[in-house]
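Read-outs: derived from the displayed coordinates by stated rules, not from any lab. Just so it is clear, the structure is predicted and the values come from calculations on it, not from any experiment. Positions of Cβ are backbone-derived with ideal geometry, glycine not excepted, and every protein chain shown enters the neighbour counts.
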Amino acid sequence: MTAADDARAHIPKRGRVARAMPLVGLAGRTAGEAVVESMRRRRKNAEAGRPDYRVKDADRYANHLGRSKGVLMKAGQILSFTAIGPTVGDENQNVYQRALARLQDSAPPMPYETAAGVIEANLGKPVDELFAEFDPVPVGAASIGQVHAARLADGRRVAVKVQYPGVDEAIRADLANTELLATFFQMAKGLQPALARLDIKALSQEVTARIGEEIDYLVEAANQTAFVDGYRGHPFIRIPEVVPELTTSQVLTMDFVEGRRFAEALTAPQELRDLWGETISRFAMGSLRTIGLFNADPHPGNYLFHDDGGVTFIDFGCVKRFTEDKVTLVKRSLNAAVVDDVPALMLVLRDMGIVVDGELPEPREIADFYRCGLEMLTGPQPFTYSTAFAAGVVQEKFSPVGPYGHVLRKVSLDPDFTMLTRIDLGVTAVLGALECTGPWEAIRQEWDSNGPAATPMGELDIAHWGAKR
């Protein structure tokens, strides 16, 4: 049996029920039903005040999602970017966040023989003919594929992302079940009351579109190349080059980059963490404002940290594109919020669909809600992020029993701006963990004025980096 034959032998049975097999031990249901049942049990036990059971339940929930590889795992990753709702209590929230956080870093890998079979089936040659060296042990495993280090005949080091065989068809089968994600997010509303006004149908459609793109590595390669072109030559923002001749819909080959992982970065000197924070911030918001693209998967596993303050950004399977009009709306809202121009802010929030006609809180209350979490722009400069600040933003701004609970119940959330909020919360969490200090408002003004920091091109003067510190 060839490696390709072996790969085909490992392809799972198609369909939602077959995909549910790793979850059968939970409740003997289909994948969606099993996860929803787990969420119901989590709520019930939280309300009953059973802390030991909560830990076990949260761990089981994350483990089942991790083994499901695909739609359910990606949905769990989306939840892991934000707090698990204050209804479970602060003392329990960390339990679920720690359990879900495991989804950010790894998933059970497939055997080397299976990975080699996928490569041969896609590229038409055995691994040893395509690569001078190929490490059989993956350097990382995620929701729909895993990454191996390799070397080309000319000595170029590359990373090879290999998709789990059959996962594309399995995910498409799940996505075709229009109720799966809708049910998942509907249950999430009960666990995360900040989602109370969320348009579940619209969010499900948005997530479906992002996941649908993510399972095609040719789409990811195109996304990554767009970022490469936008930042080629940049002194601190780095994107690995794609190797197109070794890339297909199921195999993605790119430059291999070494760097510190997030856990190691957290122990680096503060000055270096400040530079990394500035780099991440400039990349996140700068990409939106200059090339209309947002890497919609801003978790720590997608960053590699370098000793010169640079950061390499990886994984562009989930990229959100914003129209020029929507980028302008984001700029207008921030401009109005920073100077606390309530009438201007209300106008732009109406244009964004966040404030709609009907019974509404006072404009001052809505403005305070929107400004909450923007202290890095509105407060004294330089501003220092912290884990307490990042957690406080979620607790204060999105708690149904917090100071803005009544605002949450009245405002609406466009799916595009919902994704933007999710991304912003993810970046805030990363910067909070780094405890980085920076002139964030000066950077925003540079972006808004189309100054040197607004352009992602290579002519950016290195000496300008951090000059406003």
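Quick notes on this structure:
- The charge dipole of segment 337-378, taken about the Cα centre with unit charges on the Cβ atoms of Lys, Arg (+1) and Asp, Glu (-1), comes to about 100 debye, rounded to the nearest 20.
- Ser249 versus Arg172: modelled label distance in nm, points set 7 Å from Cα along the beta carbon direction: 0.6
- Value of Rg to Rh for segment 119-176 (Rh from inverse mean 1/r over Cα pairs, i.e. Kirkwood): 1.06
- Most to least packed among 153-159, 109-115, 128-134 [average Cβ atoms within 10 Å]: 109-115, 128-134, 153-159
- Look at where the Cα atoms of segment 313-347 and of segment 387-439 average out, and the two centres are 15 Å apart.
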